[in-house]
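S.K.: Okay, handing you the structure first.
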Amino acid sequence: MAIKTTDLCDDHASALRVMAPIFGNYGGRHGFSGTVETIKTFEDNSQVRELLAEPGEGRVLVIDGAGSLRCALIGDQMAARARDNGWSGLVVYGCVRDSADLADLDIGIKALNTHPCKSEKNGVGEIGVKVTFAGVTITPGEWLCADRDGIVIANEPLV
């Protein structure tokens with residue numbers, strides 16, 4: 001049975017940080033959890049692409065795209081690569097594209113919105129740094145759980 005964010009909030013409220021409800025569901029998997037890896041970038045998904053080529057080992061990639069609504073940081077090819085390499089899910093503080101195709105992929109994807117334009121490819125991005133958005137600060141190595149009701153962060157896995 002999948003972990004529910006509502007149950008986590010009921011049972012572990014003091015151990016959780018709850019992200020503001022600003023994200024939509026775009027992947028075919030609506031519930032996902034895992035250890036967090038982070039990347040901070042602005043309108044450039046070069047480093048995101050490289051990171052998703054690595055084994056995900058059930059992790060969740062949290063992408064701080066500075067909330068940009070001017071291009072997409074994830075599309076169907078990158079999401080399929082993430083799924084194939086064992087990533088549990090993606091949380092994008094920015095946009096995605098190819099949304100109809102993303103909905104058919106068995107990976108969790110949360111993002112602000114969709115945008116048809118691709119990002120720049122200039123090799124910009126910081127991997128493994130603290131990121132702050134949606135009312136929380138997230139550190140690599142923490143644990144994230146997401147479903148249709150929201151996204152919660154804890155210092156360690158909760159079940």
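The values are calculated or read from the model by the stated rules, or taken from the named source; none is laboratory data. Since the model is a prediction, treat every value here as computed from it, not as a measurement. Cβ: placed from backbone, ideal geometry, glycine included. Neighbour counts: every protein chain shown. Quick note on the areas: whole protein, heavy atoms, side chains included, nothing else; ligands and nucleic acids left out. Shrake-Rupley method; radii C 1.70, N 1.55, O 1.52, S 1.80 Å.
S.K.: Name the residue farthest towards the positive end of the dipole of the chain from the options Met78, Leu112, Ile127, assuming +1 on Cβ of Lys and Arg, -1 on Cβ of Asp and Glu, about the Cα centre.
M.R.: Leu112
S.K.: Using a simple spin-label model with points 7 Å from Cα along the Cα→Cβ vector, what separation in nm is obtained for Leu69 and Arg17?
M.R.: 2.5 nm
S.K.: About the Cα centre of the chain, what is the dipole size in debye to 20, counting +1 per Lys and Arg Cβ and -1 per Asp and Glu Cβ, all else neutral?
M.R.: Dipole of the chain, to the nearest 20 debye: 320 debye.
S.K.: Using Cα-Cα distances under 8 Å and only pairs 6 or more residues apart, what relative contact order does the stretch 52-140 have, in percent?
M.R.: 29 percent
S.K.: If the reach is capped at under 19 angstrom between alpha carbons, list the lysines near Lys118, excluding any in the same chain fewer than eight residues apart.
M.R.: Those lysines meeting the cut-off are Lys40, Lys110.
S.K.: Where nothing but the Cβ of Lys and Arg (+1) and of Asp and Glu (-1) is charged, how large is the charge dipole of the stretch 54-138 around its Cα centre, in debye to the nearest 20?
M.R.: 260 debye
S.K.: While we're here: Suppose all protein chains stay in the model; what accessible area per residue would a 1.4 Å probe give for the stretch 29-72, in Å²? Display every interim value, and only then the final one.
M.R.: On the way: 1670 Å² over 44 residues.
Computed with neighbouring chains in place, this is 38 Å² per residue.
S.K.: Same structure again: Which Cα, out of Gly89, Cys145, Ile39, lies furthest along the positive dipole direction of the stretch 20-159 (beta carbon charges, K/R +1, D/E -1)?
M.R.: Ile39
S.K.: So what is the calculated 222 nm ellipticity per residue for the chain, using -39500 (n - 2.57) for each DSSP H run with n of 4 or more, over all residues, to the nearest 500 deg cm²/dmol?
M.R.: -4500 deg cm²/dmol
S.K.: Let me ask something else. Using the Cα gyration tensor of the stretch 15-159, with a ≥ b ≥ c the square roots of its eigenvalues, what is the shape: rounded (a/c below 1.5), prolate (a/b larger than b/c) or oblate (neither)?
M.R.: Details: a/c = 1.35, a/b = 1.25, b/c = 1.08.
Here the stretch 15-159 falls in the rounded category.
S.K.: Please tell me the relative contact order of the stretch 13-76 in percent, rounded to the nearest whole number, where contacts are Cα pairs under 8 Å and at least six residues apart.
M.R.: On the way: 50 pairs, mean separation 23.7, N = 64.
Relative CO of the stretch 13-76 lands at 37 percent.
S.K.: Further, regarding this structure: Keeping the other protein chains in place, figure out the carbon and sulfur percent of the accessible area of the stretch 9-125, with a 1.4 Å probe. Each step should come with its number before you reach the end.
M.R.: Values: 2340 of 5180 Å².
That fraction is 45 percent.
S.K.: Give a residue-ordered list of calculated ³J(HN,Hα) values for the stretch 49-62 (Karplus: 6.51 cos²θ - 1.76 cosθ + 1.60, θ = phi - 60°; whole Hz; x for Gly, Pro).
M.R.: 4, 5, 5, 6, 7, 7, x, x, 6, x, 6, 10, 8, 9
S.K.: Over the stretch 84-141, average the accessible area per residue using a 1.4 Å probe and give it in Å², no decimals.
M.R.: Per-residue value: 47 Å².
S.K.: Then there is this: When you have a sec, figure out the Kirkwood radius of the stretch 50-126 from all distinct Cα pair distances and drop it here in Å to one decimal? Show your work: numbers first, answer last.
M.R.: On the way: mean 1/r = 0.0811 Å⁻¹.
Value: 12.3 Å, from the Cα pair sum.
S.K.: Under the definition of Cα pairs under 8 Å and six or more residues apart, what whole-number percent is the relative contact order of the chain? Intermediate results must be reported in sequence, preceding the final value.
M.R.: On the way: 430 pairs, mean separation 56.0, N = 159.
Reported as a whole number, the value is 35 percent.
S.K.: Once label points are set 7 Å from the Cα along Cα→Cβ at both Leu158 and His30, what is their separation, rounded to one decimal in nm?
M.R.: In this crude label model, Leu158 to His30 measures out at 2.2 nm.
S.K.: Rounded to the nearest 5, what % of the DSSP beta bridges within the stretch 17-159 are antiparallel ones?
M.R.: So the antiparallel bridges in the stretch 17-159 amount to around 45 percent.
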